[in-house]
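The structure appears right after this line, and notes come after that.
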Amino acid sequence: VATDHGAGARRVTLLTDFGTADGYVAAMKGAIAGIAASVIIDDASHDLPPGDIAAAAWSLAGYWDVYPPGTIHVVVVDPGVGTHRNALAIRIDNRFLVGPDNGVFTHVMAGTAAWDAVRLTERRYARGAVSATFHGRDIFAPAAAHLANGVALQELGPPLETRPVSLALDPARREGREVHGAVVHVDRFGNLITNIPAAWAPPGSRVTIAGRTMRVLRTYGDVEPGQLLALEGSRGVIEVAARDARACDALGAGVGERVRGNG
Amino acid sequence: VATDHGAGARRVTLLTDFGTADGYVAAMKGAIAGIAASVIIDDASHDLPPGDIAAAAWSLAGYWDVYPPGTIHVVVVDPGVGTHRNALAIRIDNRFLVGPDNGVFTHVMAGTAAWDAVRLTERRYARGAVSATFHGRDIFAPAAAHLANGVALQELGPPLETRPVSLALDPARREGREVHGAVVHVDRFGNLITNIPAAWAPPGSRVTIAGRTMRVLRTYGDVEPGQLLALEGSRGVIEVAARDARACDALGAGVGERVRGNG
Amino acid sequence: VATDHGAGARRVTLLTDFGTADGYVAAMKGAIAGIAASVIIDDASHDLPPGDIAAAAWSLAGYWDVYPPGTIHVVVVDPGVGTHRNALAIRIDNRFLVGPDNGVFTHVMAGTAAWDAVRLTERRYARGAVSATFHGRDIFAPAAAHLANGVALQELGPPLETRPVSLALDPARREGREVHGAVVHVDRFGNLITNIPAAWAPPGSRVTIAGRTMRVLRTYGDVEPGQLLALEGSRGVIEVAARDARACDALGAGVGERVRGNG
């Protein structure tokens, strides 16, 4: 069994809805450290809303490929633990993804043709006793640690014979000069992040949301404090924001709100 | 002074009730890094309820021995800082535990015969100036870092001449075919975790709590969404849960609620 | 380009107001790992109140120099991202500080004569495409990673020709035997932290706040549970605290409350 991932291989990230106070996250870290003693474990987040698969999928999409090749990303938002959902490890673009097959990899998989996925069924790469309720510690963390140690993906179990489960995405669409999209995420700062590619609503065009129309600008500095604007956000899609204020509150808008662009 | 702990030695975990925003946790990390530059520091949690020694003891029990031998676990929930409580380092099962002698090690110590404990009185292994209010930075973090560097436990101070302080535990008990226990923890998902060993209430038996009786099953998948069940949780004790729902809310039950099992 | 910082160099700390759930922090970590694969990243905090520059400045002051020389501290509380504020890297006392020039380094800079600062304008040390909204990922994280790799400060951009921006501090002052100060921070435990140097209000003197006068003592253990006291806190200034209780609630006091000392 040889390693096929380079210098950045011994870094594992964790994304869960566990919070930290119950000790579940630390148990995952211990399970990793017990197999791969010197791996660096980066917390992505443990503050996802409990059971919110869509939030996990969205969060993961923001960092999985910012990390270098060889990184192993573990995602455990797993309301179906103890049901028949599969446990997966996936290789895409030379990063590894480990977690339940419930949609948490939706955005990563979207539009990707080249990937390998296996079902984590090999018990010798799991914890000795696998509980019915905590596959984060007993299956996903050990699989990630073995990948960090250079175990090949194919060793962990048989190929997944389907595509991984994906959440239904409703992409933005263009009709002539109009763009129709929606808010897909509201972040901690109250920014309304849409599914409209920035190239479809360039600076100078207009965006309408919740009865308000605003110009697409380049930066927060293009408006006065408190004012609304639309701009290209950090993921290449249009965000509706307010300088030094919460756009979601100013507009009374949230996830699902329709957004219309005019080129 | 030689090291007596193996390959996993240079990993330190931190469990506190400090939150992170005040910079106290980062000061502990800096104090460790200043002594043991390349040690990996894993956050267990900093979100414990302030002063909640029982919560710390319970959380620690979930991960301390999942980590490999040589790991150093620091626990600072320390409402008695500046009083006469002892500061401890303990070796159990080749892991190290560092923290105040106030009960935070209760579950780790329970039923353990073999342990060594010292009082952290050697000033040369503490910060130059020890404050009256922040032993996390000034005593516990330096002690952990020196252990990570291979300093022997006995160097840190004189043996503790008593057992470490333990919280009163009220274990479950059996009377004939009946089991009597209680809820000892409610986790982030609303699961009610009891002190009843899973072997005392095997699948097929029944559990009664808050006037409701339910069967002990194997996994969440054995019931429909929203339904209550009892099952063996990830620590080997009975949990009362609800699939995709919060059992604590469904039952109006919390820590201390009595639980009865019928074999 | 040679390194000028020693053994502790490959440690980076992160302090932000991002929370973790949106994936922004993980993107910063990934950007660092992509440049400096084996650097250890310590979370200071991501729970600062959004946009609270003063809280960031205060938190940072508690740990920046507890970490060893060579450490790189990244601070991203950046409500002005996309305006004309500068992006900085600073070297002070052989630690590095990276973040926006908006006051987050106020306490670190206060009273420091020797420092070097550059503006982060060299695009080859930034992410390929720099967004208008997320300089944490695109400018600050890459700069920190390059510093960790040994790139010299001066390589990152031209010298800052002014002092970094500082928040207005209102230091405590003495008039005869009286000391006049104020509460500058309330921590998670409800302790009221003042700007009065502990040497100005030694044990035995008195402190008055919110109409209550109390003695300056040495430790929490000098009063009964629930009682108020003043004492030297972990940063060398006077704190007003209550043993096993929240002084801020007991006194109805918060940041800005005046504090008077009598020697």
Open item on the list: Quick check: with the 1.4 Å probe, what order do A:Asp65, A:Asp52, C:Asp138 take by accessible area, largest first?
Closed with: A:Asp65, A:Asp52, C:Asp138
Open item on the list: Using a Debye calculation, one point per C-alpha and no hydration shell, please list log10 I(q)/I(0) for the protein assembly as shown at q = 0.04, 0.05, 0.07 Å⁻¹ in order.
Closed with: -0.17, -0.27, -0.54
TODO: Using only atoms on other chains, find how many Cβ atoms lie within 10 Å of each Cβ of peptide A:234-240 and report the average.
DONE: 3
- [ ] Using a/c under 1.5 as the rounded threshold, could you call chain B rounded, prolate or oblate? The axes a ≥ b ≥ c are square roots of the C-alpha gyration tensor eigenvalues, and prolate needs a/b larger than b/c, oblate otherwise.
- [x] prolate
TODO: For the stretch B:175-214, state which residues have at least 40 Å² less accessible area in the presence of all protein chains than in their chain by itself, taking the probe as 1.4 Å and leaving out ligands, DNA and RNA.
DONE: B:Arg188, B:Phe189
Open item on the list: If the only charges are +1 at each Lys and Arg Cβ and -1 at each Asp and Glu Cβ, what is the size of the charge dipole of the stretch A:158-263 around the Cα centre, to the nearest 20 debye?
Closed with: 220
- [ ] For A:Thr133, C:Thr13, write out the residues from largest to smallest accessible area, computed with a 1.4 angstrom probe and no ligands counted.
- [x] A:Thr133, C:Thr13
- [ ] Using a 1.4 angstrom probe on heavy atoms only, work out the carbon and sulfur share of the accessible area of the stretch C:192-235 in %.
- [x] 44
TODO: Heads up, I need the accessible area for C:Ile92: 1.4 angstrom probe, whole protein in place, Å², nearest 10.
DONE: 10
Open item on the list: Per residue, how much accessible surface does the protein assembly as shown expose to a 1.4 Å probe? Answer in Å², no decimals.
Closed with: 37
Open item on the list: Please report, for A:Ala113, the nm distances (one decimal) from its label point, 7 Å out from Cα along the beta-carbon direction, to the equivalent points in the remaining copies, shortest first.
Closed with: 6.6, 6.6
- [ ] For the stretch C:94-150, with all protein chains present and a 1.4 Å probe, just round the carbon and sulfur fraction of the accessible area to a whole percent.
- [x] 45
- [ ] Considering only A:Gly30, A:Gly236, A:Gly103, give the residue with the highest GNM mean-square fluctuation for chain A, with springs between Cα atoms whenever their separation is below 10 Å.
- [x] A:Gly236
- [ ] Please report, in debye to the nearest 20, how large the charge dipole of the protein assembly as shown is about its Cα centre when each Lys and Arg carries +1 at its beta carbon and each Asp and Glu carries -1 there.
- [x] 100
Task: Accessible surface, 1.4 Å probe, highest first, among residues B:Ile40, C:Ile238 - done: B:Ile40, C:Ile238
Open item on the list: Could you identify which residue out of C:Ala31, C:Ala56, C:Ala113 has the top mean-square fluctuation in a GNM of chain C using Cα springs shorter than 10 Å?
Closed with: C:Ala113
TODO: Highest first, please rank the peptides A:193-202, C:168-177 by the mean number of other Cβ atoms sitting within 10 Å of their residues.
DONE: A:193-202, C:168-177
Open item on the list: Ignoring everything except DSSP H segments at least 4 long, calculate the 222 nm mean residue ellipticity for chain A; use -39,500 (n - 2.57) per segment, divide by total residues, nearest 500.
Closed with: -4000 deg cm²/dmol
Task: Positive dipole terminus of chain A, leading residue within A:Gly128, A:Pro225, A:Val237 (C-beta point charges) - done: A:Val237
Task: Given charges at beta-carbon only (K, R positive; D, E negative), |dipole| of the stretch C:1-148 in Debye - done: 460
Task: Interface residues in the stretch C:12-26 - accessible area drops by 40 Å² or more relative to the isolated chain, probe 1.4 Å - done: C:Thr20, C:Ala21, C:Asp22, C:Tyr24, C:Ala26
Open item on the list: Rolling a 1.4 angstrom probe over the protein chains, ignoring ligands and nucleic acids, what is the accessible area of A:Trp64 in square angstrom, nearest 10?
Closed with: 20
Open item on the list: Mean-square fluctuation check for chain C, GNM, Cα pairs under 10 Å: which of C:Leu192, C:Leu120, C:Leu153 is largest?
Closed with: C:Leu192
Task: Euclidean distance of C-alpha centroids, the stretch C:209-263 and the stretch B:133-211, integer Å - done: 34
TODO: Tally the DSSP beta bridges in the protein assembly as shown and give the antiparallel ones as a percent, rounded to 5.
DONE: 70
- [ ] Would you please classify the overall shape of the stretch C:1-155 from the alpha carbon gyration tensor, given that a ≥ b ≥ c denote the square roots of the eigenvalues, rounded means a/c under 1.5, and beyond that prolate means a/b larger than b/c while oblate covers the rest?
- [x] rounded
Task: Drop in accessible area of at least 10 Å² in the complex versus isolated chain, residues of the stretch A:76-98, 1.4 Å probe - done: A:Pro79, A:Val81, A:Gly82, A:Thr83
TODO: Find out how many positive minus negative residues lie around B:Gly221, taking Lys and Arg as positive, Asp and Glu as negative, among other residues whose Cβ is under 13 Å from that of B:Gly221.
DONE: -1
Open item on the list: Give me the summed buried accessible area for the A-C pair, 1.4 Å probe, to the nearest 100 Å².
Closed with: 2500
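The values are calculated or read from the model by the stated rules, or taken from the named source; none is laboratory data. What you are looking at is a predicted structure, and each value in this text was computed from that prediction instead of being measured. Reconstructed Cβ throughout: ideal geometry from the backbone, glycine too, with neighbour counts over all protein chains shown. To get the accessible areas, we keep the full protein, side chains included, count just its heavy atoms, and leave off ligands, DNA and RNA. Shrake-Rupley method; radii C 1.70, N 1.55, O 1.52, S 1.80 Å.
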